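Single-structure report; data block below.
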2 protein chains.
Amino acid sequence: MAETDTETPRERYRTQVRAEIKERAWEQIATAGASALSLNAVAKQIGMSGPALYRYYASRDELITELIRDAYRSLADTLRSASAAGADLAALAHTIRGWALEDPQRYLLIYGTPVPGYHAPGDITLISSEIMAILLDACAALAQDSPATPFDAHLADHREWANGHPAPPAVLHRALIFWTRIHGVLSLELAGHFTGMGFDPALLFTAELDRLLAH
Amino acid sequence: MAETDTETPRERYRTQVRAEIKERAWEQIATAGASALSLNAVAKQIGMSGPALYRYYASRDELITELIRDAYRSLADTLRSASAAGADLAALAHTIRGWALEDPQRYLLIYGTPVPGYHAPGDITLISSEIMAILLDACAALAQDSPATPFDAHLADHREWANGHPAPPAVLHRALIFWTRIHGVLSLELAGHFTGMGFDPALLFTAELDRLLAH
DNA sequence: ACGTGTTCGTTAGAAGTTATAACCAAGCAG
DNA sequence: CTGCTTGGTTATAACTTCTAACGAACACGT
């Protein structure tokens, strides 16, 4: 392990502390949710008192934004490496579910209820479109003959979000419903709305995935 | 308007104040989300100072639970009256969407990210199953020939959640995917994940609904 | 090797929050 | 009219985020 050594010890220390802060923050979020994240508690767990933490993050919101960014980054990386390993759309779906179950609050931090005023910084929407690009590729690789719907026509005129991806409207449509259906089952499962209903959420998930791939 | 007059003026006043508290609480939630609901702010808006509010709700959580209950109640009532007016599954879907867009935070309060520890009291799950019953009825009314899936077989053995509804497994399955798909599109729309993508969420919603009804 | 200046941590404090305790006034009943 | 229940008040405790002021430790240029 050599180089990238233009790091002063000060900078090394700083990034390490920032990492530990995020570490502890994730622990809190995992057990109590993002709304219960307390900077004070994080600071005390690390062993420094309260306001010291503001040397590393300007505000609670900035820390949370960083966590959201990391979560997106993690999902994008996971999907990209799965895709590079030859995963098809079905495999990607299971990859997403596995990633979500690994840390439900991390998924919910991204796709859960946002605070009404919040606007993600630009680089985050960039990662989000990286994810979308992977999904679009996987959908495009799937040769399928869906009848053209009115919404397909609408998408032909509104494809900015595809970021120049050359897929035909039907593929764009497929990527969207892949997203919404996966999220529909997954978010209800993670939010606990299936608990006590008796059936196995995993089976519902794969059943829904099968339907998506069938038609 | 007569009777049910076994109400003492004290009780009348009490229920009226409780109603106003909820009123103001909804206003706050609608603009800033449930996590930003402040009992103090609500109390001041009503004109009484802070702790007076604890005569009416034992805690912030109790107030929020009551709001969740009211939200469920409102959705169930809306669906029931729509159903009574002859609405089919498609109409119910649009009813749900209309209800959600009317006050997005109200929908998200029910189906959004929960706090990890939270368990809804029994009477709320009761309302929830009332909603499910309406959906099951609407799905049962729709004669459809879906090929039996493995998940259908699983549902045949795990139908407790249907609360004794006599629908066959395929109908149970249809009700579930109706729920998850509607929620998938709707929650992403309400959370703002479609903003800036260019297409019209309403068209995606109806397209997804059409697919659901087609197969 | 020695100032100097940036950085990091501390404590103090302001302005919030939920929630409890103690107290007082007003309403309702015997 | 006496008293009890109820609804409001203020004071306080224990939190929260976040700013300010100060001190110490470190890195760097001379």
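The values are calculated or read from the model by the stated rules, or taken from the named source; none is laboratory data. All values derive from a computational prediction rather than experimental measurement. Counting neighbours? That spans all protein chains shown, and the Cβs are built from the backbone with ideal geometry, glycine included. Surface areas here come from the heavy atoms of the whole protein model, side chains and all, with no ligands, DNA or RNA. Shrake-Rupley method; radii C 1.70, N 1.55, O 1.52, S 1.80 Å.
For the range A:130-139, name all the residues that are open to solvent by less than 50 Å² (accessible area, probe 1.4 Å) and either more than 29 Å from B:Ile110 (Cβ to Cβ) or assigned by TED's automatic domain parsing to the domain that holds A:Gln28 (or both).
Listed by number, the residues that qualify are A:Ala133, A:Ile134, A:Leu136, A:Ala138, A:Cys139.
Condition first: within 16 Å of DNA strand D (Cβ to nearest atom) and outside the structural domain of A:Ala30 (by TED's automatic domain parsing). Can you find one or more residues in the range A:68-83 that meet it?
yes
I'd like the full set of residues that are of a type in the set (Ser, Thr, Tyr) and either facing chain B (nearest Cβ under 7 Å) or farther than 18 Å from A:Pro104 by Cα (or both), limited to the range A:180-207.
Those that are of a type in the set (Ser, Thr, Tyr) and either facing chain B (nearest Cβ under 7 Å) or farther than 18 Å from A:Pro104 by Cα (or both): A:Thr180, A:Ser187, A:Thr206.
Could you check the range A:163-174 and list, in sequence order, the residues that are more than 9 Å from chain B (Cβ to nearest Cβ) and either touching a Pro at 6+ places or on another chain (Cβ under 6 Å) or of a type outside the set (D, E, K, R) (or both)?
Of everything in the range A:163-174, those that are more than 9 Å from chain B (Cβ to nearest Cβ) and either touching a Pro at 6+ places or on another chain (Cβ under 6 Å) or of a type outside the set (D, E, K, R) (or both) turn out to be A:Asn163, A:Gly164, A:His165, A:Pro166, A:Ala167, A:Pro168, A:Pro169, A:Ala170, A:Val171.
Could you check how many residues of the range B:74-118 are under 18 Å from B:His183 (Cα atoms) and surrounded by 15 or more Cβ atoms within 10 Å (Cβ to Cβ)?
Total meeting the criteria: 27.
Among the residues of the range A:45-62, how many are loosely packed, with under 10 Cβ neighbours inside 10 Å and near DNA strand D (Cβ under 8 Å from one of its atoms)?
1
What is the number of the single condition among (1) at the interface with chain B (Cβ under 9 Å from one of its Cβ atoms); (2) out of contact with any Phe, Trp or Tyr (no Cβ under 6 Å at 6 or more places or on another chain); (3) touching a residue at least 12 places away in the same chain (Cβ under 8 Å) that A:Asp210 does not meet?
(3)
Check A:Asp145 against each of (1) touching a Pro at 6+ places or on another chain (Cβ under 9 Å); (2) outside any helix (DSSP H, G or I); (3) charged (D, E, K, R) and name the one condition it does not meet.
(1)
Could you check the range A:38-90 and list, in sequence order, the residues that are farther than 30 Å from A:Leu172 by Cα and small (Gly, Ala, Ser)?
If the condition is that a residue be farther than 30 Å from A:Leu172 by Cα and small (Gly, Ala, Ser), then A:Ser38, A:Ala41, A:Ala43, A:Gly47, A:Ser49, A:Gly50, A:Ala52, A:Ala58, A:Ser59 are the ones that fit.
Kindly provide the set of residues from the range B:180-196 that are of a type in the set (Gly, Ala, Ser) and either under 16 Å from the mean Cα position of the chain (by Cα) or not in a loop (DSSP other than H, G, I, E, B) (or both), ordered by number.
Answer for the range B:180-196, where residues must be of a type in the set (Gly, Ala, Ser) and either under 16 Å from the mean Cα position of the chain (by Cα) or not in a loop (DSSP other than H, G, I, E, B) (or both): B:Gly184, B:Ser187, B:Ala191.
For the subset of the range A:197-215 comprising residues that are open to solvent by 20 Å² or more (accessible area, probe 1.4 Å) and assigned to a helix (DSSP H, G or I), which member is nearest to A:Gly98 (Cα to Cα)?
A:Ala202
Could you please find all residues in the range B:4-40 being surrounded by 14 or more Cβ atoms within 10 Å (Cβ to Cβ), within 12 Å of DNA strand C (Cβ to nearest atom) and among the small types (Gly, Ala, Ser)?
Once the filter is applied, which keeps residues that are surrounded by 14 or more Cβ atoms within 10 Å (Cβ to Cβ), within 12 Å of DNA strand C (Cβ to nearest atom) and among the small types (Gly, Ala, Ser), the range B:4-40 yields B:Ala25, B:Ala32, B:Ala34, B:Ser35, B:Ala36.
I'd like to verify a number: residues in the range A:69-120 that are closer than 26 Å to B:Leu186 by Cβ and outside any helix (DSSP H, G or I), how many?
Total satisfying the criteria: 10.
Which is open to solvent by less than 60 Å² (accessible area, probe 1.4 Å), more than 11 Å from every other protein chain (Cβ to nearest Cβ) and either of a type in the set (Gly, Ala, Ser) or in a helix (DSSP H, G or I) (or both), of B:Ile127, B:Ile177?
On inspection, the qualifying residue turns out to be B:Ile127.
Only one of (1) away from chain B (no Cβ under 14 Å); (2) of a type outside the set (A, V, I, L, M); (3) away from DNA strand C (no atom under 12 Å from the Cβ) fails for A:Pro51. Which number is that?
(3)
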